[in-house]
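This report refers to the structure that appears directly beneath it.
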Amino acid sequence: MKSGKRYLMYLSGSPTMDLVVVESGAKAKTIQKYFGKNVLVRASNGHVQDLPTSGKDGSKALWSHTESELPNPPWDWTERAERNVGRIISDGKRKKVNRVLLATDPDREGEFIAWRLSEILSEFGEVQRITFNEITESAIRQSLEDAGQVDMNLVDAAKVRRFMDRLIGYRTSRFARSWNLSSMGRVQTPTLGFVVNREKEIIEFVPTPYWAVQALASGIDFRVRFHEKDDPSAWRDEKGKFNAHRTSDSSLANKAYEYLKLEGRLLVSKVRLNSYKRSAKAPFTTDTMLQSAGRRFNWRPSNTMRVAQALYEAGHITYMRTDSTRTSPLSRQKAKEKITTNWGAELIGRGIGGGKQKGSVQDAHEAIRPTNPTVEIPKGLDDSQARLYRLIWSRFIASQMCESEWTSMKIEAKLETFEKVLEGDTKWRVKAGWELAFEGLDKPPITSPPSPQIAEESSLTLDSKDENPNLIEDQTKPPNRYTQHGLVALMKSEGIGRPSTYAATIKKLLDRKYCSDTKGRLKPTDQGFLLWDEVTPFYNSGGDTDGLFSTSFTSRMELDLDKIETGSHNPALVWSDFASSFKNLHEKALEMKKSKPTRRQIEYYGRLASLIPEEELNEILKGEDPFSMDGEKIGEIIDALRKATDGIALPASVKQLSFIENLTSSLEIDEKTACNLVGVESFADLTGGKSGTASLLIGTLKEKTDSAPRKPSPKQINFIKNLAKKAELEEEAACELVGVASYSELSGGRQGTASKLIETLRKRPSK
């Protein structure tokens, strides 16, 4: 029976029973309303099976394969999936289901889930795959008519991605443990490299001092032009870049400043007007959405993706993991209708978003856009959802509107008593065009020229304000650390990662303590430096293009996966070639590792050596310097020391002591108080190992930490203050809502009073 006919049978109440499986409960709830009572909608709750992580196969890095066939590993249940799928099967049997429709996400991972479900649910007879880019009735109706089979090209791409990540992750992570590091990864490690290399630029930066002079007249910022490019004394920064408005000559800058103060006005010598147009940007892809939300709202990528996921599952926006800027003709037509209604047909432009994408773009589905462009803000959204939806709506609507028109004015002015020219510029919008779609989101622009009119030979009096003119003595600044959304932009430009992995990769770097987020900027930790500077070079000895964790190597792997997805590359050959390349790189890294001791070996040697008399240690070393030994030799020395210290308790490790210090600091207790908990005098007396006093103390302190009330984060407090301001509540009145006297008495965590207050304030109407 054709899917279209079955859809009509749903509406007519005919006695058929289909089982529709999606990933999430929210998505299931949304699409259930588009089906009749003869359709059972259930959620898989994400992945149901994946590569094993426990049992005899859990430690395997790869499985046997040939050049013509991919490995066939045993697929293991994910956490709680077996019980959940069991309930789905039980419900299906009870309802006498005779067809299964797999409606997981329209991408590589969604296809993999559908594939596993197609095998698990095959007992129900007919199993079909349906996909839709938006959760709307029309899209679901069309997907039923187009119902087909699981796309094995997509599945194979997902499989090879897993095999790659498993092989790299397992083998290199084990390698990294010699430095007491937790993991390495195909995408995470080169991404970490961006952060570490930027930090090195900052550390190594040598600033270049400069002087500058500014003056404000008619609201226009004028700067003294000190030098021309061919002037031998022209100022240049540390990279040789010329800047006409800076000088190294302090006397020249002071002279300009004094004359400006003395005269107090400028004589306009030249005015140049220029008209130009600004075009709207294409509808959002995943990376541009993450960047825009990051810049406008200061949102982390993980937060943006969480909010976007909720909007998608509620049926308000199209699928939010995409590289494509393509949009459907119907959506563009609806956008034009909305433009006509809001601002008039004359605001409609040529439109962006038609046609197939070029290059390596994954074009399986559309750009991120509203499912119904005629709705500016859907009902029932919380504050975060409303903000992101409006941004997505504005970006899409703007993409179908005409250009905005602007005029710029560049001005040259002089002083009577000083030979150097001053330069200023301003601009104003003549026609709003697509920018009307962003009204309320963007700061209103200047829409008229300066008044009074500025013309050649006219005179401008300096504005009356403090520090006008302004003498500036400063120096160049190092580059900024990356924001999370800025790192996404770099990942995109370098071709590593994909829409589904941008946010997850950055979160992994933070979770594994390779980076920290300080005031919205990413900074590598000591562990991050250690991984990139000391461990990664073992695998990147081939250089910028051939190293396992080089951006070019990672980018080529991503392109290979994309080509498997489109059917242009043989997945077995791709995997075989990669496994062979990795084997060579890994063996080379292991050989290089033998040439010098690891940090872990050095630390362990030091702990063991401290336990025996110097004479006995010298006898074991036989006059050799342990720090000049290769990895194999110091390993032999460590083995000898272990025998010599058998039965002697090891001192606590550096890692243990560092953890203990962090715990005592958070609990605000001193060393003596902490040590009394395990019956020792000081941290130096603590013993290492799993059964040592250091481990016992860590367990004791963690129990105290877990039971102690947490302080709210600065982010929570700031959010509360903003919500209270919107509700026109003073601190005391706001805190009374959760039974505390002030913000300082709030507790953190998900169950704390700070979280409770946020939810309470969010439900209150803004005044």
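Each value in this text was obtained by applying a stated rule to the coordinates, not by laboratory testing. Fair warning: this is a prediction, and the values are worked out from it, not measured in the lab. Neighbour counts run over all protein chains shown; Cβ positions are idealised from the backbone, glycine included.
When the trypsin sites (Lys or Arg not before Pro) in region 76-135 are filtered for DSSP coil states and for at most 14 other beta-carbon atoms within 10 Å of their beta-carbon, the remaining sites are 80, 95, 96. Compared with the direct C-alpha span, the chain from residue 464 to residue 236 gains 78.8 nm at full extension, assuming 0.36 nm per residue.
Pairs to check: 239/431; 523/583; 281/420; 239/261; 60/563. Give those whose C-alpha atoms are more than 30 Å from each other in this structure. Listed pairs above 30 Å: 239/431; 523/583; 281/420; 239/261.
Alpha carbon centre of region 721-755 versus region 457-495: separation in Å? Between the Cα centre of region 721-755 and that of region 457-495, the gap is 36 Å. Projecting the Cα atoms of 701, 691, 667 onto the charge dipole of region 654-707, computed from C-beta unit charges around the Cα centre, puts 691 farthest toward the positive end. Using the Cβ of residue 532 as centre and a radius below 12 Å, the other residues enclosed give a net charge of -2, where K and R count +1 and D and E count -1.
Between residue 122 and residue 386, what is the FRET efficiency for a Förster distance of 41 Å, r being their Cβ-Cβ separation, to the nearest 0.05? Efficiency computed from Cβ-Cβ geometry: 0.45.
Against the set [x] 12, 35, 36, 15, 2; [y] 16, 41, 30, 12, 2; [z] 14, 35, 32, 15, 3, 0, the structure's computed P(r) over Cα pairs in 20 Å bins from 0, in percent falls on [x]. The distance between label points at residue 706 and residue 56 comes to 3.5 nm (points 7 Å beyond Cα on the Cα→Cβ vector). The gain in end-to-end length when the residue 685 to residue 258 segment is fully stretched comes to 147.0 nm, 0.36 nm per residue minus the alpha carbon separation. The ranking of 377, 638 from fewest to most other beta carbons within 10 Å of each one's beta carbon is 377, 638. Distance between the pseudo-spin-label points of residue 627 and residue 732 (7 Å out from Cα toward the beta carbon): 6.3 nm. In loop segments of region 191-239 as defined by DSSP, the chymotrypsin sites (Phe, Trp or Tyr not before Pro) with at most 14 further C-beta atoms inside 10 Å of their C-beta are 205. Annotation for region 685-767: GluC sites (Glu not before Pro) lying in DSSP loop with at most 12 further Cβ atoms inside 10 Å of their Cβ are 728, 730.
By the beta-carbon count within 10 Å of each Cβ, the least crowded to most crowded order of 322, 426, fewest first, is 426, 322. Note on 382, 685, 646, 107: ascending count of other Cβ atoms within 10 Å places them as 646, 382, 685, 107, the fewest first.
For a paramagnetic label modelled on residue 278 (point 7 Å from Cα along Cα→Cβ), amide N atoms under 11 Å away belong, within region 364-405, to 404-405.
Taken about its Cα centre, the chain carries a charge dipole of roughly 3120 debye when the Cβ of each Lys and Arg holds +1 and the Cβ of each Asp and Glu holds -1. Lysine pair count for region 654-707 with Cα-Cα distance under 18 Å and sequence separation of 8 or more or different chains is 5. Rounded to whole numbers, the Karplus 3J(HN,Hα) couplings from phi for region 42-54 are 9, 10, 7, 6, x, 5, 9, 9, 7, 4, x, 10, 9 Hz, using 6.51 cos²θ - 1.76 cosθ + 1.60 with θ = phi - 60°, and x at Gly and Pro.
Between residue 592 and residue 178, the modelled label-to-label distance comes to 1.1 nm, taking each label 7 Å out from Cα in the direction of the beta carbon.
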